Structure formats: C-alpha cells, structure tokens
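To start, the structure under review is shown below, and the notes come after it.
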Amino acid sequence: MGPNHIRQQPVLAKNGVRRDAKAEYKAGRSAITLPNFEAKLQPFQRTDKLREACTQLVRRDTCEQILWHYTSADAAIEIVKSSCLHLACHSFMSDPAEGLRSPALVTASWQAAIDRVGKHPKLDLKYLRDTDIVLAGFGDYKPHNPPTFLVSFSVLRDSLSQWARYGADGAGIALGFRVEPAHFKRFTPAQERSYGPFLYKIFYDLDGDQRADKVAVSPAVDTAQLRNRLTDLFDSFLRSADAPTEIENALYLIAHDLKPVIKQSAYYEEQEWRIAAGTVIESTSLYDLRATRFGIAPFMVLPFCSGVQLEEIRFGPKLSRDNQWTCEWLCRKHGLSVNVSQSAFAYR
C-alpha cells in the first residue's frame, strides 16, 4: 500500500464493523500522510454535513403541547419516586418493526435523487442504483451496532386506545410532561461516544396502506414532504460525491439516524412524539439493565431537571376515585406540584 493510498471499498473488521480511512487514521492504523489528509477527509465532511441536514428535518426544538406517557401504575410510581424517565432500547419494544422503517424511506428518496440527477461526471448512475443494497441487511442482528434508546409520548390527553395498549388496559396512569429540548442534558461523558437526547415528532410509513387516502391524510402528507426534502438533500450530495463507498456509508448512517422517527402506519392514530438518545454498546455508565417481558432490556435515564417537567397525572378509567388522593400524596411526598385527574372515559 502506497503512502497516499486510501481504500475505495469498505473493509470489514473481524467483528463485521465497516471500517473507513477516517476511523483508521484516528486509531493510528492509517497510511494516510498528514499533507494529504484534508483532501482525503472531504468525503467524510460531506457525509457529516448531509447527516446533520437530514436530522434537522426531524428534530424538534420546541413542543407547545403537554406530552402524555401512558404506563402501568407500577412504572408511574417508579418514575415519580426517581424523578427520572427511562429511555428503553428500541429492540426491546412492543413493535417488532421498531427501528426498521427508515431504510425504505431512505431508499425511496435516494432512487428519486438518482432519477433527478440523470448524469454524473464521475460515477455510473446505473451502478449507483445498487448502492442502497447496503440497507438490505439493516435489520439483521449486529451486536456492534449502537443501540437507540427512546421514550414515547402522545399529544392525546385521554386516548382509549392508549389506555388499552399501554395503560394497563385502563388500570394504569398517564403522565403529562412539559418538554423543553433546549434544557436537555446531553449524554457526553468522557471517552464514550453518544448522541442526544433529542425530541422528535414521529412520521408514519403509509406506503401501501389503503387507509392512507381516507383517514390518514395528514400523516401521509407529512411523510411525503419528508421524503421529498430528503430527495433534495440527496440530490445535492450525489452531485458532489465521488465514490460509491462514500454513498453507501452515508445511506447506512442516515438510515440509522432516522431509526427513532419512522413507524408503521398501524400506529398513526397515536400521534406520537419521542425523546431519543444513543450510545455505543460498550458503554458502562450511560445505560443499565432491567427485566421486562422482552428479556434483559437496557435503558437510559433522563432526570426531570433535564428538560422534562411533570405537570399532570391522569389515572385510568378502571381505577377508583380514591386514586385521586393517593396520586396527590405521592407527588407531595416527592416534592412535585402536579395536577391530578381521572380519565373521562367509561371503560371496564
């Protein structure tokens, strides 16, 4: 290998991780010499710029509404006692397709960008149509992939479907939070790569859903607009890209970045928002483990003082009115001033 040579094809380490020249240089294994490094760094700078632009499309800086987290009475008591929210790992959640919808969106936008560009001075666009094949195994088990952690909310203050699905079939609690992303405490401990937390409004993948033109007009429009804006960004990126490997890496990373944001259409009526964060799987300080019905599940902790404030509690329609004073007592004991009320639904 010559002193100025950089690999143009992805190389897999023993554990299956895709390596690249930038990572090898930082690890002291690269043969790239410093005088040429800035030129070699340009593809990574382009990818970083694209990733930032894509994530800005889905992150939210504010939310004017109270966001509601439906849960069991046991979990609600633990949240109030600890003054913390738990962000669960995406692969230990109720939706088995959690985190697997973003590749389809990225692929659709990428193919649209190729059609729009038409001709490239350096690359064969016919060949580039296959660059998104890197996303084909996106959902495969890869222990080296960084996990995504999230906590879900709804803008719906009193939703019968949410009581039934998440609120212990009506015998649970809904916690109403004021969320201020500007005050989020970022997960950035020394020597442990991480990102977030960030606030997202969920987009729903409505392709092929026959209900989309009848009852899901707004979600369908929102997702179509996101797809079009991604296409615009991919168009600009493609015109300046100069290697298929650069494109493959960018598409994979963007699909990973958008994992917390895309859900299947069956959930569109939940009107969901999320706080999501992530870290490398080797982290020992950023997450812990607990037993759930899905096994030994990792979670991250977000304190109330870090941009989330509990403002309301609603107890489920199956619970007795005595829960009014017990909820008020629980909050008072732990120094919280919270409005307490019962669901208006009649449900048993």
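The values are calculated or read from the model by the stated rules, or taken from the named source; none is laboratory data. Just so it is clear, the structure is predicted and the values come from calculations on it, not from any experiment. Here the Cβ is made from the backbone with ideal geometry for all residues, glycine too, and neighbour counts use every protein chain on show.
Numerical summary
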| read-out | value |
| --- | --- |
| Segment 275-288: number of residues that are of a type in the set (A, V, I, L, M) and either touching a helix residue (DSSP H, G or I) at 6+ places or on another chain (Cβ under 7 Å) or over 21 Å from S306 (Cβ atoms) (or both) | 1 |
| Residues within segment 278-317 that are touching a Phe, Trp or Tyr at 6+ places or on another chain (Cβ under 9 Å), in a strand (DSSP E or B) and over 25 Å from T62 (Cα atoms), tallied | 8 |
| Filtered residue count, segment 278-316, keeping only those that are closer than 18 Å to P146 by Cβ, surrounded by 15 or more Cβ atoms within 10 Å (Cβ to Cβ) and hydroxyl-bearing (S, T, Y) | 3 |
| Qualifying residue in segment 37-52 (condition: surrounded by 18 or more Cβ atoms within 10 Å (Cβ to Cβ) and either more than 26 Å from L251 (Cβ to Cβ) or at pLDDT below 90 (or both)) | yes |
| Residue in segment 242-250 that is outside any helix (DSSP H, G or I) and more than 19 Å from the chain's Cα centre (by Cα) present | yes |
| Which numbered condition S306 misses (of (1) modelled with pLDDT under 90; (2) polar (S, T, N, Q); (3) out of contact with any His (no Cβ under 7 Å at 6 or more places or on another chain)) | (3) |
| Number of positions in segment 183-235 that are of a type in the set (A, V, I, L, M), surrounded by fewer than 16 Cβ atoms within 10 Å (Cβ to Cβ) and at pLDDT 65 or above | 2 |
| Scan of segment 322-348 for residues that are modelled with pLDDT of 95 or more and charged (D, E, K, R), ordered by number | D322, E328, R332, K333 |
| Complete set of residues in segment 318-348 that are in a loop (DSSP other than H, G, I, E, B) and within 22 Å of Q65 (Cβ to Cβ) | L336, S337, V338, S343, A344, F345 |
| Filter pass, L87 being in a loop (DSSP other than H, G, I, E, B) and surrounded by 13 or more Cβ atoms within 10 Å (Cβ to Cβ) | no |
| Those residues of segment 302-331 which are within 31 Å of the chain's Cα centre (by Cα) and among the small types (G, A, S), in sequence order | S306, G307, G316 |
| When residues of segment 79-99 are limited to those that are modelled with pLDDT under 95 and charged (D, E, K, R), the one farthest from K318 (Cα to Cα) | E98 |
| Top-ranked residue in segment 255-277 [being out of contact with any Lys or Arg (no Cβ under 9 Å at 6 or more places or on another chain) and closer than 18 Å to P147 by Cβ; ranked as surrounded by the most Cβ atoms within 10 Å (Cβ to Cβ)] | I275 |
| Selection status of T131, of a type in the set (S, T, Y), more than 19 Å from the chain's Cα centre (by Cα) and surrounded by 14 or more Cβ atoms within 10 Å (Cβ to Cβ) | yes |
